[in-house]
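The values are calculated or read from the model by the stated rules, or taken from the named source; none is laboratory data. Please read these numbers as outputs of a predicted model, since none were measured by experiment. Cβ placement follows ideal geometry from the backbone for every residue including glycine, while neighbour counts extend to all protein chains displayed. Areas reflect the complete protein model, heavy atoms only, side chains present, ligands, DNA and RNA absent. Shrake-Rupley method; radii C 1.70, N 1.55, O 1.52, S 1.80 Å.
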Amino acid sequence: MAALAQSGGTVLAGWSTGAHMIVKHAATLLPRFERVVLFAPFARFGDSLPGRITRAMAAGMAADAEATVRSFWKNCGVPGEPVWNPDWASPLAVGLDYLLRSEATSGPVAAGNVTVFHGDADRIVRRPAVRQALALLEGANFREFSGGHYPDPAVLGTALSR
C-alpha cells in the first residue's frame, strides 16, 4: 500500500477487498489518481456478511480449501469452472482473517473522481455495505449493473474506458 500511496496515475481500480482497501486509504489514494473505479466496495465486511459466515469459511478453508473456494466462486457468479491452485489456500485464509478485522473509518473524503459499481444480484457484498462505503466517499458516482459479485468483463471494460 505504501508504494501505491507514493504513486499516482490515470486510473486506480479495485474489486471487493481491493476496493475496500482503497476506501480504507481513500484520503491518501484518491487525490493521486484522475479516476478511481470501485466494484463492490465495503467499509467493513461485517456490514455485508455476518462474522459467523466468514469464520465458517475460514473453518472450511482448514477442512477442504478447494471446496470452500469453489463454493465461494459459485456464490460470486464466476462463470465456468475456475482453475484451483492449492498454493492459494494459505493466503486466502489470511485474507479471511483480514476481512474479519479490517474497517474503513475515516471519512467522508472528497471523492468526485470515484465511480462505484455494484451488481444488483451481488450475494457477497450486499447493498447496505456498499451504502456504508459510499457514505465515506463524498461526491462519488454510483452505478448499478445487472449481475452478481463477479462483474461481467463487458461491465469492466465499460467502467475502465470512461
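For the condition open to solvent by 30 Å² or more (accessible area, probe 1.4 Å), among the β-branched types (Val, Ile, Thr), closer than 25 Å to Pro31 by Cα and in a loop (DSSP other than H, G, I, E, B), what is the one hit in Thr158, Thr105?
None of the others qualify; the one that does is Thr105.
Scan (1) part of a helix (DSSP H, G or I); (2) open to solvent by 50 Å² or more (accessible area, probe 1.4 Å); (3) touching a residue at least 24 places away in the same chain (Cβ under 8 Å) for the single condition Pro79 breaks and write down its number.
(1)
Out of curiosity, is Glu103 of a type outside the set (A, V, I, L, M) and in contact with a Pro (Cβ under 9 Å, 6 or more places away or on another chain)?
For Glu103, the condition - of a type outside the set (A, V, I, L, M) and in contact with a Pro (Cβ under 9 Å, 6 or more places away or on another chain) - is not met.
Given the criterion part of a strand (DSSP E or B) and either of a type in the set (S, T, N, Q) or surrounded by 14 or more Cβ atoms within 10 Å (Cβ to Cβ) (or both), identify the matching residue among Leu12, Leu49.
So the residue among Leu12, Leu49 that is part of a strand (DSSP E or B) and either of a type in the set (S, T, N, Q) or surrounded by 14 or more Cβ atoms within 10 Å (Cβ to Cβ) (or both) is Leu12.
Sort out which residues of region 112-151 are out of contact with any Gly (no Cβ under 9 Å at 6 or more places or on another chain), free of Cβ contacts under 8 Å to residues at least 40 places away in the same chain and over 21 Å from Gly46 (Cβ atoms), and write them in order of number.
Phe142, Arg143
Which one of these is modelled with pLDDT of 90 or more, more than 27 Å from Ile53 (Cα to Cα) and among the aromatic types (Phe, Trp, Tyr): Phe117, Phe142?
Matching residue, one of Phe117, Phe142: Phe142.
Select from region 15-46 the residues that are under 20 Å from Arg101 (Cβ atoms) and of a type in the set (D, E, K, R) and write down the one among them that is most open to solvent (accessible area, probe 1.4 Å).
In this case the residue turns out to be Arg44.
Determine which member of the set Arg131, Arg123, Arg70 is at negative phi, among the charged types (D, E, K, R), surrounded by 14 or more Cβ atoms within 10 Å (Cβ to Cβ) and more than 14 Å from the chain's Cα centre (by Cα).
Result: Arg70 is the single residue among Arg131, Arg123, Arg70 that is at negative phi, among the charged types (D, E, K, R), surrounded by 14 or more Cβ atoms within 10 Å (Cβ to Cβ) and more than 14 Å from the chain's Cα centre (by Cα).
Out of all the residues in region 141-151, is one or more of a type in the set (Ser, Thr, Tyr) and exposed (fewer than 15 other Cβ atoms within 10 Å of the Cβ)?
Yes, region 141-151 has at least one match.
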